[in-house]
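Below is one structure; the comments refer to it alone.
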Amino acid sequence: MDHVAIEHWGPSALIVRFASSATLLSLERCRGLLASLNAAGFPDGTEFVPGYGEILIDLPGVDFLSSGKHLAREAVSKARPIPGEGARLHRLPMSYDGPDLGEFAHRTGLCEAEVIEIHSAPTYDVFLVGFAPGFAYLGPLDPRLHLARRETPRLRVEAGSIGIGGTHTGLYSIASPGGWWLLGRTPEALFDPTRDNATAFRFALGDRVKFEPVS
C-alpha cells in the first residue's frame, strides 16, 4: 500500500496514516490495512483503533514498540484495498419524525418529503465508530443534505436517533449529548449490554446501513 506513514504515538503506541480525508477509497484502504494488521502476528493485548485515514496500534507495552513497528511495516506492504461488496448489511426501519426535520428542511431549501427521500435512498458505509460509544458515522452523504451542526447541542439525544452534522449522517447507539440535526429514530436496539465488548454495539467499521422509512 502506497503513501503510508508509521509514527510513534505516546509511550506504547503507533499510528498508521494512509489518507487525508474520508472517502470510499480511504475506507477500502482501511478495511485492507485492518485485515493485514490482524494477520500480522502482533502480541496479545494489541488493539487496533481505526479513524479517518489512520489506524492507531495500541501495543501492550513500550517493550513492543520496535517489533511492533516492524510488524506494521510488513502489514502495510501486504495490505490491499478491500471493497465493500460482501460487507455486513444492516436494514433499519426509520421513523422520519425527528424534532429537527422541519427546520433542517427549511435551512437546506428542501421540503420534508425531499429530505426523507434523499436521506433514505443510499446504502451507507460505516466510516468510523466513535465520539460516543457505538456512534456510527455514515457516508457518503448527498451534498444537498450537508449542513453544519446545530448552534446549541442537546444535553440528551435518545438511542436510535439518526442525525446529520456537516458532511456525515450518524446513528446514536446509546443516549448521549449531541449537536446533530435529528431527522428520525429507529425502534431497533443498537446496543446490547448483555454481550461482550466486541459485539455489544451493532455497528463496526466497514459495515453497510440501509434505512427503510416507516410511518
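Values in this text are rule-based calculations from the coordinates and carry no lab data. Quick caveat, the model's predicted, so the values are computed rather than measured.
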Worksheet item: Which ³J(HN,Hα) values, rounded to whole Hz and listed in residue order, are derived for the stretch 175-189 from phi using the Karplus coefficients 6.51, -1.76 and 1.60 in 6.51 cos²θ - 1.76 cosθ + 1.60 with θ = phi - 60°, glycine and proline given as x?
Response: 5, 6, x, x, x, 8, 6, 8, 9, x, 7, 9, x, 7, 6
Worksheet item: Which value, in Å³ per residue, describes the convex hull spanned by the Cα atoms of the stretch 42-139?
Response: 165
Worksheet item: If you compute Rg and Dmax of the Cα atoms in Å for the structure shown, which of [x] 19.8, 62; [y] 18.7, 58; [z] 16.8, 57 do you land on?
Response: [y]
Worksheet item: What list of ³J(HN,Hα) couplings, whole Hz, do you get for the stretch 111-128 from phi and the Karplus terms 6.51, -1.76, 1.60, once you set θ to phi - 60° and write x for glycine and proline?
Response: 8, 4, 4, 5, 4, 5, 5, 5, 5, 8, 5, x, 9, 8, 9, 7, 7, 6
Worksheet item: Using 0.36 nm per residue, how much length does the chain from Leu24 to Lys69 gain when fully extended, once their Cα-Cα distance is taken away?
Response: 13.5 nm
Worksheet item: What list of ³J(HN,Hα) couplings, whole Hz, do you get for the stretch 70-87 from phi and the Karplus terms 6.51, -1.76, 1.60, once you set θ to phi - 60° and write x for glycine and proline?
Response: 5, 5, 5, 4, 5, 4, 4, 5, 9, 6, 9, x, 10, x, x, 4, x, 5
Worksheet item: Which residues' amide hydrogens lie under 5 Å from the amide hydrogen of Met94, considering only partners 5 or more residues apart or on another chain, with H built in the peptide plane?
Response: Glu212, Val214
Worksheet item: Cα convex hull of the stretch 89-214: mean projected area in nm², to one decimal?
Response: 6.9
